[in-house]
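What follows is a short report on a single structure.
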Amino acid sequence: MKTMKEFLEYFPNKHTKIVRRSGLISFLEFKFGIKRKTKQHFQEGELEMFEEYLKKYMESNPNHFDDLLKFAGYLHEYPPLTVKSYISSMKEYFGRNDIFFNAYQMKDVRNKSPKGRGRTEEQDMTKEIIKKLLAYTDTRGKALFLVLISTGMRIGEALTLKVQDIDISNRIVNIRGQNTKTGESRFTFLNKEAIPALEAYLAVRQKYLTTTLKRGGVCPGANMHRTEIYKDRVFPFSEEVALQIFTSSLKKAGLNKMSSSIQRRTLHIHQFRKYFKSQLAVSCPSEIVEALMGHNGYLNGAYRRYPKDQMFEHYQKGEHCLYINEVDLDKLESKYEQKLQEEITDRRELERRFIALETSYQQLFNQKMSEHLHIGKQNPDEIAYQEQQSKGLKRGLKPAFSV
């Protein structure tokens with residue numbers, strides 16, 4: 001029997017691992033009536049518990065097809081695409097354990113599954129709604145929301161960004177391949193509205209980092225693990241916390257509405273990404289928009305066709321479409337010109353100090369060389385006397401006599 005851990009090792013892609021694991025765990029929740037406190041992350045010991053339940057199930061000589069059929073019915077409250085991925089996960093897990101279903105059986109499972117592309121009711125994420133969300137969140141939330149809106153990143157990509165991945169001066173965000181859905185590294189850009197919000201947040205980031213580390217629980221190892229994970233991250237908190245920030249903003253703004261067909265909010269944090277796509281595409285070539293979002297079919301083509309500076313030019317032409325509030329561009333430009341001037345002044349001061357240090361060093365070197373040449377012209381008795389004086393001073397001794 002394959003354990004859950006052994007099964008997941010077949011999938012190198014992080015996103016696929018998460019989907020397959022979610023399918024297995026949903027199946028075990030269905031079979032054993034388990035109710036988790038939260039589905040956003042695992043409590044300590046939960047994965048080990050599900051490993052035990054999986055072992056118990058596989059050793060109980062069950063009717064695998066009958067259970068899969070009932071599982072498809074159990075998932076009727078889930079979106080159809082989620083159901084499809086969960087059924088596929090269980091089918092593959094069974095297959096890895098040499099348990100197979102014929103075409104007629106799988107047809108019965110499909111017939112039992114919910115139909116349609118999706119039954120979730122969604123509100124459009126509009127500029128007016130985003131304004132309300134920004135008005136009812138803190139410095140951390142504003143920075144996160146505006147970074148997501150201006151870059152088109154997935155929430156998981158934004159939360160794994162390290163401080164050194166963001167070049168604020170050049171407005172470039174570098175996304176590491178290990179944190180993307182496709183496994184490909186890419187870059188995207190920040191707009192001029194997001195930068196002040198991000199800078200304001202970075203000024204108080206340490207406070208949020210300290211809070212995150214304090215939530216490590218009583219286990220010292222947990223705190224050490226959290227420190228390693230979060231210490232260099234721009235946003236040092238989990239996706240669960242990010243969703244709590246978003247949900248809190250929804251509730252305060254009076255926008256916390258639920259879909260009538262399934263228990264899911266009509267507004268969700270992933271819609272910031274959709275907003276990026278719909279707005280930027282008005283003034284920017286669609287293949288550049290898709291590449292910045294990390295859609296696999298566009299990455300290599302757009303990156304080969306357009307140099308980074310040219311992609312940035314296209315982005316700049318459309319970034320005003322991503323502004324949520326009125327942006328005083330003259331004020332922003334003045335601010336960055338002042339900052340640039342300060343950097344130039346600092347650089348010139350460093351250069352002046354370096355030149356002064358280099359001059360001092362050269363003068364000292366010339367002095368020592370002159371002394372060395374002078375010593376070479378002295379008679380042997382004078383040289384012997386100076387060596388004796390030097391040795392005495394190094395030992396902390398007074399000279400035998402003074403002249």
Q: Could you pull out every residue, at least 5 positions away or on a different chain, whose amide H is within less than 5 Å of the one on Lys162? Hs are placed 1.01 Å off N in the peptide plane, and Pro or chain starts have none.
A: Val234
Q. What percent do you get for the relative contact order of the range 100-220 when only Cα pairs under 8 Å and 6+ apart count?
A. 21 percent
Q) How far is it, in nm, from the label point at Leu357 to the one at Asn13 when both lie 7 Å from their Cα along the line to the Cβ? A) 5.1 nm
Q | Integer Hz, Karplus 6.51/-1.76/1.60 couplings in order for the range 135-151, x for Gly and Pro | A | 6, 10, 9, 8, 4, 5, x, 4, 4, 4, 4, 6, 5, 5, 5, 7, 10
Q. Applying the Karplus parametrisation 6.51 cos²θ - 1.76 cosθ + 1.60 with θ = phi - 60° to the phi angles of the range 100-105, what ³J(HN,Hα) value in whole Hz is obtained for each residue in order, glycine and proline being reported as x?
A. 10, 10, 7, 4, 5, 5
Q) Amide H of Phe187: which non-local residues (sequence gap of 5 or more, or other chain) have their own amide H closer than 5 Å, using H built in the peptide plane? A) Ile175
Q | Amide H contacts under 5 Å for Arg265, placed H, 5+ residues apart | A | Ser259
Q.
Using the basic label-point model (7 angstrom from Cα toward the beta carbon), what is the Lys55 to Gln206 distance in nanometres?
A. 4.7 nm
Q. Can you work out ³J(HN,Hα) from phi for every residue in the range 52-64, in order, using Karplus 6.51 cos²θ - 1.76 cosθ + 1.60 and θ = phi - 60°, giving whole Hz and x for Gly and Pro?
A. 5, 5, 5, 4, 4, 5, 5, 8, 8, 6, x, 8, 4
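Quick one: compute the contact order of the range 1-82, relative version, from alpha carbon pairs under 8 angstrom and 6+ residues apart, as a percent.
Values: 23 pairs, mean separation 30.3, N = 82.
Worked out over the range 1-82, it gives 37 percent.
Bear in mind these aren't lab numbers, they're just calculated from the coordinates by the rules spelled out. Please read all numbers here as calculations on a predicted model, not as lab measurements. Cβ coordinates were reconstructed from backbone atoms using ideal geometry, including for glycine residues, and neighbour counts include every protein chain displayed.
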